[in-house]
Amino acid sequence: MLLLEEEKRKLVEGLWSKGIKDENVLKAIYDIPREKFISDALRKFAYDDNALPIECAQTISQPFTVAYMTQVLDIKPGDKILEIGTGSGYQAAVLCKLGAEVYSVERIEKLFENASILLPELGFKVHIKLDDGTLGWEENAPYDKIIVTAGAPDIPHHLVEQLIIGGKLVIPVGDQQTQKLFELTRTETGFEKKFYDYFKFVPLIGAEGWKA
Ligand code: SAH
């Protein structure tokens, strides 16, 4: 069996060769113990570049997807970030490691509870709320950046309204099979849109998402 450091190194080298060149993102992925975010039975797969099942029929995203979205977000220390879809808490941990102030919303109570225990246990200070994240988290708005880690049928307008001018929203939009990654930047007069690759996420369910 490979040593943990060896597995982590292989994962990070693989991400680099797939186009993740941001050293800080690669370092965060190397440093965060992904095995702690999944069940014991799956630990041997922790550093494979694959999504893995977590409780409640949800998934921890593929490391490449986490790294890609984080690279697009271009995190600066002190950025105030809203994440929709806490899930295992792994993506929130990566953002936190990069020095962001992270607010994360999860709609499934069990996952919210697990992440509320795990993240502080691992030393990550993340603000987590149990709610429908398609409505954002109004009290702490505006955010420098917003990341949605579930696939949306459309761009939720509440999220757009909670961005600062110059802030950006990164969100996968499409049908329930595949989604295109959108980056939307709020400008003085409106918005600018950019598109990236296709990904496959679990559905974003809520008032401005898919219906449960
Ligand atoms: N960022 C997570 C990925 C989890 S998968 C990680 O790193 O592990 C996506 C998550 O989005 C699931 O936990 C799902 O329950 C959650 N989700 C789906 N719709 C949501 C909504 N409207 N509000 C908040 N969370 C939502």
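Against the conditions (1) touching a residue at least 40 places away in the same chain (Cβ under 8 Å); (2) near the ligand (Cβ under 10 Å from one of its atoms); (3) within 14 Å of the chain's Cα centre (by Cα), Q71 satisfies every one except (2). Checked against (1) away from the ligand (no atom under 13 Å from the Cβ); (2) in a helix (DSSP H, G or I); (3) in contact (Cβ under 8 Å) with a residue 24 or more places away in the chain, R43 passes all but condition (3). On inspection, K8 passes the criterion of being crowded, with 19+ Cβ neighbours inside 10 Å and either in a helix (DSSP H, G or I) or out of contact with any helix residue (DSSP H, G or I) (no Cβ under 7 Å at 6 or more places or on another chain) (or both). Scanning segment 112-146 for residues that are in contact with a Cys (Cβ under 6 Å, 6 or more places away or on another chain) and not β-branched (V, I, T) gives a single hit, F124.
On the given criteria, is T86 within 8 Å of the ligand (Cβ to nearest atom) and in contact with a strand residue (DSSP E or B) (Cβ under 7 Å, 6 or more places away or on another chain)? Talk me through it step by step, then tell me what you get.
Numbers: within 8 Å of the ligand (Cβ to nearest atom): yes; in contact with a strand residue (DSSP E or B) (Cβ under 7 Å, 6 or more places away or on another chain): yes.
So T86 fits the description; yes.
Scanning segment 195-211 for residues that are over 12 Å from G151 (Cα atoms) and not in a loop (DSSP other than H, G, I, E, B) yields F195, Y196, D197.
Among the criteria (1) part of a strand (DSSP E or B); (2) without any contact (Cβ under 8 Å) to a residue 60 or more places away in the chain, the one E183 does not fulfil is (2). Being surrounded by fewer than 24 Cβ atoms within 10 Å (Cβ to Cβ), aliphatic (A, V, I, L, M) and either in contact (Cβ under 8 Å) with a residue 60 or more places away in the chain or in contact with a strand residue (DSSP E or B) (Cβ under 7 Å, 6 or more places away or on another chain) (or both) is the filter here, so list the residues in segment 101-113 that pass it. Answer for segment 101-113, where residues must be surrounded by fewer than 24 Cβ atoms within 10 Å (Cβ to Cβ), aliphatic (A, V, I, L, M) and either in contact (Cβ under 8 Å) with a residue 60 or more places away in the chain or in contact with a strand residue (DSSP E or B) (Cβ under 7 Å, 6 or more places away or on another chain) (or both): just V105. Within segment 125-154, the set of residues being within 14 Å of the ligand (Cβ to nearest atom), assigned to a loop (DSSP other than H, G, I, E, B) and closer than 16 Å to V105 by Cβ comprises D131, D132, G136, W137, T149, A150.
All of the numbers you see were taken from the coordinates with simple rules; none came from a lab. Model, not experiment: these values are computed from the prediction. Neighbour counts run over all protein chains shown; Cβ positions are idealised from the backbone, glycine included.
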